[in-house]
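Rule-based calculations on the coordinates, nothing more; no lab input. Small disclaimer: the values here were computed from a predicted structure and weren't measured. With ideal geometry, Cβ positions are generated from the backbone for all residues, glycine too; neighbour counts draw on all protein chains shown.
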Amino acid sequence: MLYREAGQFKTSYAADQAVFPLREDRVGLVLTLLVAFIVVPVFANDFFLASIMIPFLIFACATIGLNILTGYAGQLSLGTGAFMGVGAYAAYKLTTFFPEANIILLVVVSGVFSAGIGIVFGLPSLRIKGLYLAVTTLAAQFFLEWCFIRIPWLYNYNASGAIEVPQREAFGVIACGPAADPLTRYFIVLCVTLAITFLMKNVIRGHIGRSWMMIRDMDIAAELIGIRPLYAKLSAFAVSSYICGVAGAMMVFFWLGAAEPSAFSISLSFQILFMAILGGLGSLMGSYFGAAFLWILPVLLRFTLPGLGIDIGAETVQHLTFMITGALIIFFLIAEPHGLARLWQIGKEKLRVWPFPYG
Amino acid sequence: MMLKKLALGAAFVAMTGMAAEAFAQESLYIPLLTYRTGPFAGSGIPIANGMSDYLTMLNERDGGIGGVKLTIEECETGYDTQKGVECYEGTKGNGALVYNPYSTGITLQLIPKASVDKVPILSMAYGLSAAAEGDTFPWVFNPPATYWDGLSAIIKDIGEREGGLDNLQGKKIGYIFLDAGYGREPIPLLEQLAENYGFEVTQYPVPGKEMQNQSSQWLNVRRDNPDYMIMWGWGAMNPTAVKEATKIRYPMDKFYGVWWSGGDDDARAGGAQANGYRTLNFHGTGADYPALADIKEHVVDAGKSQVEGDKFGENLYNRGVYNSVLIAEAIRTAQEMTGKDVINAEDMRAGLENLDITEERIKEMGLEGFMRPVKVSCEDHSGHHEVYVQEWDGQTWVPASDWFSPMTDVVSPLLEAAAEEYVKSNAPWPERQVECASGS
């Protein structure tokens, strides 16, 4: 009743091929953007911005990156954490060399280094597939992590082995470093993540995205009808690593403020992979759902369980958070193995015919 | 569908709103960043118990400090830097007086934030050694001694056993460390000392993930056969290292640990062969102090503590107590200086800077013999206080040396240089904005 296409006629090709052909979806999008750009900044406190929204957006961005590779191009990767690390270390070195440069620009450029590394480690994908490819990306993960620890040049010979974000400006505002306002950092992360999402949505609809999906669905058939696996697979690796690299750079510069190599360990790769699987492989929307579910939920549980007036120890809260989140993951994956995005889609389909499902 | 969403949304809003409300009363709010879970819990639990028990005891026995109750809230970090920062962000809005990160990684993250948020950090004998330079790091305190003091003290003790530091020439000293900010912190000094005294250093990094599997490192130790071993370990790394050392029959009396490697459980893991294992310390062990008896009476026996009966008074538990003594005394100092009962974080900073725990005060607290006087000054946020070496006798730790000073003359200039280096690599580092708080 509220959500249906009846009466919305498309009179041009442009209208027919719009990203959101339904008026209700467009309204929903505008409302969501309003919430993100106005409601959240006005009402949220620093904790909500710095510990919930900023990491959520960064994880969503990284999940989109992995989703390009695993969800759209079908190449299973366990090296996401390391690719994020490459972006972070590249941004750190860039800002060391060019302290005056706009930090947002450097963060965006740092993804290029990550893309380069991604292409190199994507080469084996031309020969090996599936779980075997996962093992070679795992090698990338360990090798790059080793580099972060053992090449002191990467962290400017810092005695602690960590990279610490200096204060940097963008457009005359302090954008990162300890003095940066969480609101500024939130806006930067929000804009970068949204820009990437928008760009990817259109790339996926175009011939590049279609070639990725053809490779994913059946690579031999795709090759027979003229898709070159070399370009398709390596471009997927490049784009995916680029996005992950930007996400990693944002993670260090706009969220953590400093990072040890262990921040980019295999557990980060798994975290992102679970976000992609739980959210829904092959869905940009799902990347946001997955990131929200696996990041926001545990944080909220951790900080609200004690607030409910139940007197339990801090470590019990931790255990409870693990248990509740774990149980919910199992529940959702049983309810819908294709992830939260699929649930969302089913919901929308049901809404279209509501309240007369048999009409 | 819509209804469900609405209900979810409402619950979400209610939940986020609630978290902020809890602490607005007249109390002194002290968040404790602890870890009772994860691979570092073995070391984290006794510390957490000691810290919270001493503060709880002050609440129960004296009604707080200066008549104001303490609100103690633990936040679980799991020794994870991200979670630690999250705990910091989540609790600082409640009027936190001071942070005890209990992880060098978390400390490094919080140091730049401290001067912006104006909340002091008390990284008691851990964290960034250079933070002892009060002029560069006005918001960070690391009494009673820094890692570099600790390392120099170990070298000094080794030198004494060899009959003078000059006899270290040509010796080989192995350094096994947790490959994280914590373990890497003393390396610059170790290399400097090796150059000064002509000994050779072999390094054995233990990655955080491999803490419980050190056989390859100890295989190398057996091959290199260093004359002495020094360990910078924490959590599950300590008991594993002690066990591995006994396995390769390394002479335990030549195996030194920093103060954080001196948990009772750490040494116990080596069984009877671990006798003679030496670690540094800066406070007493055991429960034979009036203040600890008070903790037993008011907290442990009243069921307000999580400590297991036989772990009460162990080394790391007492370390937690020592940490809380510093917090409590700094609060008291701040109250005296400002004349206010309910102090804020900036007063707390002044209190920490004028911390002066004298012999009389130690007696008054019921901790005679437990600790040495501690004095912090505006320029020197550590004090480089005396330490002693203790030895494991199979049951408990026994002092194996008198209290002695670390090589302050060697360490101080290096600390200054390190602080300068830090400022340079973190430019623009803010100039000292807060004045030296003068004691009353």
Skipping prolines and chain starts, which residues have an amide H placed within reach, meaning under 5 Å, of the one on residue B:277, given they are 5 or more residues away or on another chain? B:392
Modelled label-to-label distance, residue A:46 and residue A:18, 7 Å Cα→beta-carbon offset: nm? 4.2
Take every DSSP beta bridge whose two residues both sit in the protein assembly as shown, then give the antiparallel share in percent to the nearest 5. 40
Measuring from centroid to centroid over Cα atoms, what is the spacing of segment B:321-365 and segment A:94-164 in Å? 47
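List the relative contact order of chain A as a percent without decimals, with contacts defined as Cα pairs under 8 Å and 6+ residues apart.
On the way: 520 pairs, mean separation 104.3, N = 359.
Relative contact order for chain A comes out at 29 percent.
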Alpha-carbon centroid distance for the pair segment A:276-321 / segment A:12-59, whole angstrom: 20
Farthest towards the positive end of the dipole of segment A:290-359, among A:343, A:322, A:296 and with Cβ unit charges of +1 on Lys and Arg and -1 on Asp and Glu, lies the Cα of A:343
Under a Gaussian network model of chain B whose springs join Cα atoms within less than 10 Å, the largest fluctuation of B:34, B:202, B:56 belongs to B:202
Mean-square fluctuation maximum in Gaussian network of chain A, Cα pairs under 10 Å, restricted to A:267, A:240, A:77, hits A:267
Using alpha-carbon positions, what is the distance between the centroids of segment A:191-236 and segment B:253-292, in Å? 60
Taking only C-alpha pairs under 8 Å that are 6+ residues apart, what is the relative contact order of chain B in percent? 19
Say the cut-off is 31 Å between C-alpha atoms; which of B:172/B:363; B:156/B:247; B:304/B:340; B:243/B:304; B:118/B:156; B:83/B:363 go over it? B:172/B:363; B:243/B:304; B:118/B:156; B:83/B:363
What residues of segment B:370-411 lie in the reach of a label at residue B:253, counting those whose backbone N is under 19 Å from a point 7 Å from the Cα along Cα→Cβ? B:388-403
For residue B:201, residues with placed amide H under 5 Å, excluding near neighbours: B:173
What spacing in nm lies between the two simple spin-label points modelled at residue A:225 and residue B:212, each 7 Å away from Cα in the Cβ direction? 5.2
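Compute, for segment A:48-353, the length of the dipole vector about the Cα centre, with Cβ point charges of +1 (Lys, Arg) and -1 (Asp, Glu) only. Units Debye, rounded to 20.
Details: 17 positive and 13 negative charges, 179 e Å.
So the dipole magnitude of segment A:48-353 works out to roughly 860 debye.
Between residue A:195 and residue A:11, 0.36 nm times their residue separation minus their Cα-Cα distance comes to what? All intermediate terms of the calculation are to be shown ahead of the outcome.
Details: separation 184, 0.36 × 184 = 66.24 nm, distance 2.83 nm.
Here the segment from residue A:195 to residue A:11 would lengthen by 63.4 nm.
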Considering chain B as a Gaussian network with a 10 Å cut-off on Cα pairs, which listed residue, B:239, B:207, B:138, attains the greatest mean-square fluctuation? B:207
Pseudo-spin-label distance residue A:139 to residue B:436, built 7 Å along Cα→Cβ, given in nm, is 6.1
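Suppose R0 equals 22 Å. What FRET efficiency, 1/(1 + (r/R0)^6) with r the Cβ-Cβ distance, do residue B:172 and residue B:195 give to the nearest 0.05?
Values: r = 15 Å, r/R0 = 0.67.
Computed FRET efficiency for residue B:172 and residue B:195: 0.90.
Report the extension gain between residue B:202 and residue B:417 in nm, rounded to one decimal, defined as 0.36 nm multiplied by the number of residues separating them, less their alpha carbon distance.
Residue separation times 0.36 nm, minus the Cα-Cα distance, leaves 74.9 nm.
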Taking amide H positions as placed in the peptide plane 1.01 Å from N, state which residues far from residue A:282 in sequence (5 or more) or on other chains have amide H under 5 Å from it. A:71, A:72
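Pop the C-beta distance of residue B:161 and residue B:393 into the FRET formula with R0 = 22 Å and round what comes out to the nearest 0.05.
Details: r = 18 Å, r/R0 = 0.82.
Efficiency for this residue pair is about 0.75.
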